[in-house]
């Protein structure tokens, strides 16, 4: 047991909140940033093609989840697809306004 700074025994060490790291810096951070940078340079009819062999043993599902978290946070609608060798990412088509077409 440790001391929490108030003289009480605790199961875990206590730290000041100012010492706690802020933000999520997961292992897919650079890959996701690279994907978004590439995506911003493509036209609406193109997709980013990420080789699964370049993921260094990481699971594609984990990369896709990390990408989903960031794109939702930044309000960037994307679509993903995959085959046995690649993960594909592209910007989602804007929703069609059916009221404007009537």
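Values computed for the structure shown
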| item | result |
| --- | --- |
| Principal-axis tilt of helix 29-40 within the chain, Cα atoms, nearest 10 degrees | 30 degrees |
| 18 Å tail of the calculated P(r), the chain, as % of Cα pairs | 61 percent |
| log₁₀ of I(q)/I(0) at q = 0.23 Å⁻¹ - the range 36-92, Debye sum with one point per alpha carbon | -0.96 |
| Pairwise label distance in nanometres, residue 17 with residue 42, each label 7 Å out on the Cα-Cβ vector | 4.1 nm |
| Cα-based helix-to-principal-axis angle, 60-73 vs the chain, degrees rounded to 10 | 90 degrees |
| Length gained when the stretch residue 55-residue 10 is fully extended (0.36 nm per residue, less Cα-Cα span) | 12.2 nm |
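A short reminder: the numbers here are calculations on the coordinates, not readings from a lab. All values derive from a computational prediction rather than experimental measurement. Reconstructed Cβ throughout: ideal geometry from the backbone, glycine too, with neighbour counts over all protein chains shown.
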